[in-house]
Structure formats: structure tokens, C-alpha cells
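In what follows, a structure is listed as C-alpha cells, so that the remarks can point back to it.
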Ligand code: PGA
């Protein structure tokens, strides 16, 4: 945890969820409104097809709504893409950019991720900027250098604690059940904090740094208790409201 920073717990549904899954969002809203996420800001990022319906379900409540990607342009001839103003219009307040699945499967570069983050800020969305090293990079001792390079290339200029959240997600920990040691997480998050201070000055101290990669109810308390870990980005365990809430309960 970081002092004077409100923790942030976001669920990334990835390409999962049909309209029947809106019951999970209703359950999350009820729990958020009842204070079951404790002090944490609770956010769900369903697929784009569910955003508008989800926005109705959460209206007036304490659950936040995010998208999983956006195009850097506001509009134009980009078949199949969705822009940040469109996400905002559909009811999202947050958008994930630079998730490792997009960096790998869609060949997204740091420059593209930064352009997406800038587009998010222009549209009035908070950008959740993801970074993380591969297993090979961790094993060769390059993890911090890789994440530093990704952040320098991906973070939007002029970011602030209200508009930028960083998610450190080691690629090898995503969906594998593996997690780094608490010492490795503390070292990485400390390095990210120092870099945020360099890039953003005073406001860098208050930018939330999430850990992501196989966060589960069973390991949440330990991971979320590490210095400079200000929340979690949760994939698989966010699909069921009960698991996701059990993770957020670390902040009760
Ligand atoms: P996981 O995914 O929690 O299923 O490991 C995390 C993520 O990709 O954001």
C-alpha cells in the first residue's frame, strides 16, 4: 500500500461474457454499494459488447466500469476498432491499454500504447497502462530494465493520479497460477514508483501501481500488502463476483 492513496481493484474479463454475465455485474454493484470492497475503488472491465448494458446496471452506484482497449484516433476508417470517445459515450470511465495479450498477439508497441493512453486522457477516461516482463527476461535479470523501458515509452505525458493507473503484470504470471515472490514484487513496484516520481514529479507518488497475474482470493492479502502495491488487475478470478469480491476484501 502507498500512504494516502485509495486502492484500486479492477477485473479484466478479456474475451469472456455474454449478456447473461450481467448478473455478475449486478452482484458487484450491490457489493460495492454495501461497502464490501472496503476502501478500494472497484472496477469491472467487461468486453465492449456489454459496456452499454453494464453502464445501466451500475448507474448511480459505486462500481466503476472500464474497457479493455481503445484506438488512438477518435474516429475514422478503422474497421472493427473502437475509439476512446465511443467507450466514454457507452459509459466507461477507464480503459486498459497495453495489456500483454495485445502487445503480443496484436504486436502493439510502446509508442502505440502511449498513443492509446493519450487518446484515453483526451476522451476523459483513466488509462490503466499495463507493463511486464516475459519469463526469459526475468530469468536473465532484465525484468526491471524491460519494465522501465516499457513505461518510459508507454506512459502519457501529463498523466496524474486521477488519469493514470499502472499495472505491473509479469507475462509469465498471467493465467498460469504462478506469481513472483513478495520480494520481487516489492523490488519491481519500488522501481516503478521511483520512475513515476521522475516522470511526473510530485504526483508520481500518488499514481496507483497495481499488481496483476494470477491474483486469487488465496494470495490477495499477501500480494496487496506489499509496499507500493496499490491494488490488483485480476483476470480469471474476476469472472465470478464471489471470487473477485474475496480479492477486494483484502481492503476491508
Ligand atoms: P489472470 O490475468 O488474473 O487470469 O492471471 C491477469 C490479467 O491478464 O490482467
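Let me know the volume per residue of the alpha-carbon convex hull for region 65-144, in Å³.
95 Å³
Cα extents of the chain along the three principal axes, largest first, in whole Å?
Principal extents (Cα only, largest first): 45, 44, 34 Å.
Which of 173, 218, 205 moves most in a GNM of the chain, Cα contacts under 10 Å?
Maximum among the listed residues: 218.
What is the ratio of the Cα radius of gyration of region 164-221 to 2.2 N^0.38 Å, with N the residue count, to two decimals?
The value comes to 1.20.
Given a Förster radius of 30 Å and the C-beta distance between residue 160 and residue 18 as r, what FRET efficiency does 1/(1 + (r/R0)^6) yield to the nearest 0.05? Provide the component values of the computation, followed by the final result.
On the way: r = 36 Å, r/R0 = 1.20.
That gives a FRET efficiency of 0.25.
Run the simple label-point estimate for residue 105 and residue 74 please: 7 Å along Cα→C-beta, distance reported in nm.
3.1 nm
Of 200, 94, 211, how do they rank once you tally other Cβ atoms within 10 Å and put the fewest first?
Going from least to most buried by this count: 200, 94, 211.
Percent antiparallel among DSSP beta bridges with both residues in the chain, to the nearest 5?
In the chain, approximately 0 percent of DSSP beta bridges are antiparallel ones.
Regarding region 179-252, what is the average projected area of its C-alpha convex hull, in nm²? Display every interim value, and only then the final one.
Values: hull surface 19.8 nm².
So the Cα hull casts an average projection of 5.0 nm².
Summing -39500 (n - 2.57) over the DSSP H runs of n ≥ 4 in the chain and dividing by its residue number, what mean residue ellipticity at 222 nm do you reach, to the nearest 500 deg cm²/dmol?
Working: 10 runs with 98 residues, N = 252.
The helix-only estimate for the chain comes to -11500 deg cm²/dmol at 222 nm.
Can you put 21, 214 in order of Cβ neighbours within 10 angstrom, beginning with the fewest?
21, 214
Would you calculate the separation in nanometres between label points at residue 139 and residue 222, each defined as 7 Å from the Cα along the Cα-to-beta-carbon direction?
Label-label distance for residue 139 and residue 222, simple model: 2.3 nm.
Any idea how far the Cα center of region 110-158 sits from the one of region 183-252, in Å?
16 Å
Testing the spin-label approximation: label points 7 Å from Cα along Cα→Cβ at residue 184 and residue 56. State their distance in nm.
Distance between the two pseudo-spin positions: 4.5 nm.
For region 118-252, place one equal point scatterer on every Cα, skip the solvent, and apply the Debye formula. What is log10 of I(q)/I(0) at q = 0.11 Å⁻¹?
Evaluating at q = 0.11 Å⁻¹ gives log10 I(q)/I(0) of -0.38.
Could you please tell me the mean projected area of the C-alpha convex hull for region 121-195, averaged over all directions and given in square nanometres to one decimal? Could the numbers behind the result be given before it?
Details: hull surface 22.1 nm².
So the Cα hull casts an average projection of 5.5 nm².
Need one number: convex hull volume per residue for region 31-79, Cα atoms only, in Å³.
Convex hull of Cα atoms, per residue: 102 Å³.
Most fluctuating residue of 25, 209, 96 in a GNM of the chain with Cα springs under 10 Å: which is it?
It is 25.
Of 102, 122, how do they rank once you tally other Cβ atoms within 10 Å and put the fewest first?
Going from sparsest to densest Cβ surroundings: 122, 102.
Given the options 50, 151, 87, which has the most mean-square fluctuation in a GNM of the chain, springs set between C-alpha atoms less than 10 angstrom apart?
Most flexible of the set in this elastic network: 50.
For a paramagnetic label modelled at 7 Å from the Cα of residue 242 toward its Cβ, which residues of region 20-51 fall within the zone defined by backbone nitrogen distances under 18 Å?
Once the point is set 7 Å along Cα→Cβ of residue 242, 21-32, 36-37 turn out to lie under 18 Å by backbone N, inside region 20-51.
All of the numbers you see were taken from the coordinates with simple rules; none came from a lab. Just so it is clear, the model here is predicted, and its values are computed rather than measured. With ideal geometry, Cβ positions are generated from the backbone for all residues, glycine too; neighbour counts draw on all protein chains shown.
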